[in-house]
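Working notes, structure below.
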Amino acid sequence: MSRETSLVTADWVAQNLNNPKVVLVEVDEDTTLYDQGHIEGAITFHWRNDLQDGLIRDLISKEKFEALLSKSGISNDTTVILYGGNNNWFATYAFWYFKVYGHADVRLLDGGRKRWELDARPFVTAVPTRTASRYVAKERDNSIRAFRDEVIAAIGKVNIVDVRSPQEFSGELAAPAHLPQEGGQIKGHIPTAKNIPWSKAANEDGTFKSEAELTALYQGAGVDLAKDTIAYCRIGERSAFSWFVLHELLGVNNVKNYDGSWTEYGSLVGVPVALGA
Amino acid sequence: MRTCGATPGGPSLDGIDITTQSVIQGAVLSASANDGVPNGSAITNAHVRLLDSSGEFTAEVPTNQEGQFRFFTAPGAWTLVVLAPGARKEMQVVATKGVPLDLVIELS
């Protein structure tokens, strides 16, 4: 777990476009982006259609994950490079997802689509044809995934980091400002959570800040990284971004992503809620 | 290319109950001739960032194939930062509930 094993640069991607061991996977919040143009050779996973169970609210099963990767020509020894729009929000969610199912070598394109576009690098519309593989996933690793009851029990005991915008944390907004204002049944945040927006970990071009800046960010907000940490947002993708920062870039092991996040917690009956900054 | 007579600005608000929303939207265009009519080409690979009154990042969207973007915000003062290859523009705006703010942003 380090920048070297978890991140690649746009230059690295450009030099490995024809590397048969590497598969690029674009995962976007705005799922129309891939069809408008993507990095040559990249395939795409749809965050809802491919990565959500569809019937119950959960990740897809191990068997479905195996089928998705097999169909996509990804093998257990493939180096998977994830990237996407909106500062890699959903790409980091997919990264966390690949880690839940134990993929050995998965990395993120630092800065995602934005860095690639701001460099004026080319996109193509051709969709590659890949030969199917036989992928075998591991059992889910729940050491990096937090569930509802664990979060309630964590109030006041472990670090809870709310990575949403200050307006969502305070209860002013219910969702990120580029989305219609819908989310949990109520607004606010989990008591004792510290608001460290995901965006503070990113530069304006979408790349991650340095390890020294990231350490200062969390320590400056009073997060004791020696303690267990749970990160949450609205639906678990921005918190996957912050989970990536803590777990992969800073090498903190005891960090979980609460993918139920505010849409679950903010709809629970009888749990404590806090408002304000 | 936008032509004279078309109405530049953000995406259609059809189907959105604007009485309950504070919308900031618009279109990002390349600078056009100084003829009083915004008619530059849509910039389709720009990224528009929304910062709150303290300069804190709040949201970001890429422009669409028409160069358009939209935010649903809380009412009040906001800063927009537009990033595109080789260009950056920052502007102060005010969002009002029920009255969408529709902008044309030209990048040179």
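The values are calculated or read from the model by the stated rules, or taken from the named source; none is laboratory data. Small disclaimer: the values here were computed from a predicted structure and weren't measured. Neighbour counts run over all protein chains shown; Cβ positions are idealised from the backbone, glycine included.
Assessment of region A:107-125 against the conditions (away from chain B (no Cβ under 14 Å), surrounded by fewer than 20 Cβ atoms within 10 Å (Cβ to Cβ) and of a type in the set (Gly, Ala, Ser)) yields no matching residue.
Meeting the requirement of 1 or more residues that are over 22 Å from B:Thr19 (Cα atoms), the strands (runs of 3 or more DSSP E) wholly within region B:33-108 are B:47-51, B:57-62, B:76-84, B:87-95, B:101-107.
If only one of A:Leu217, A:Leu250 is surrounded by 15 or more Cβ atoms within 10 Å (Cβ to Cβ), farther than 15 Å from A:Asn195 by Cα and over 13 Å from the mean Cα position of the chain (by Cα), which one is it?
Exactly one residue qualifies, and that residue is A:Leu250.
Taking (1) more than 14 Å from chain B (Cβ to nearest Cβ); (2) under 19 Å from the mean Cα position of the chain (by Cα); (3) charged (D, E, K, R) in turn, A:Asp11 satisfies each apart from (2). Looking only at residues of region B:61-78 that are surrounded by fewer than 18 Cβ atoms within 10 Å (Cβ to Cβ) and more than 7 Å from chain A (Cβ to nearest Cβ), we find that the one that is nearest to B:Leu51 (Cα to Cα) is B:Ala77.
For every residue, the table says whether it meets (1) in contact with a strand residue (DSSP E or B) (Cβ under 9 Å, 6 or more places away or on another chain); (2) at negative phi; (3) outside any helix (DSSP H, G or I); (4) not hydrophobic (A, V, I, L, M, F, W, C).
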position	(1), (2), (3), (4)
A:Gly206	yes, no, yes, yes
A:Lys227	yes, yes, yes, yes
A:Gly236	yes, no, yes, yes
A:Ser242	yes, yes, no, yes
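Looking across B:Gly10, B:Gly98, B:Gly55, one residue alone is at positive phi, within 13 Å of chain A (Cβ to nearest Cβ) and modelled with pLDDT of 85 or more. It is B:Gly55. Return a yes/no flag: does region A:67-78 have any residue that is assigned by TED's automatic domain parsing to the domain that holds A:Thr44, crowded, with 23+ Cβ neighbours inside 10 Å and of a type in the set (Lys, Arg). No, region A:67-78 contains no residue that is assigned by TED's automatic domain parsing to the domain that holds A:Thr44, crowded, with 23+ Cβ neighbours inside 10 Å and of a type in the set (Lys, Arg).
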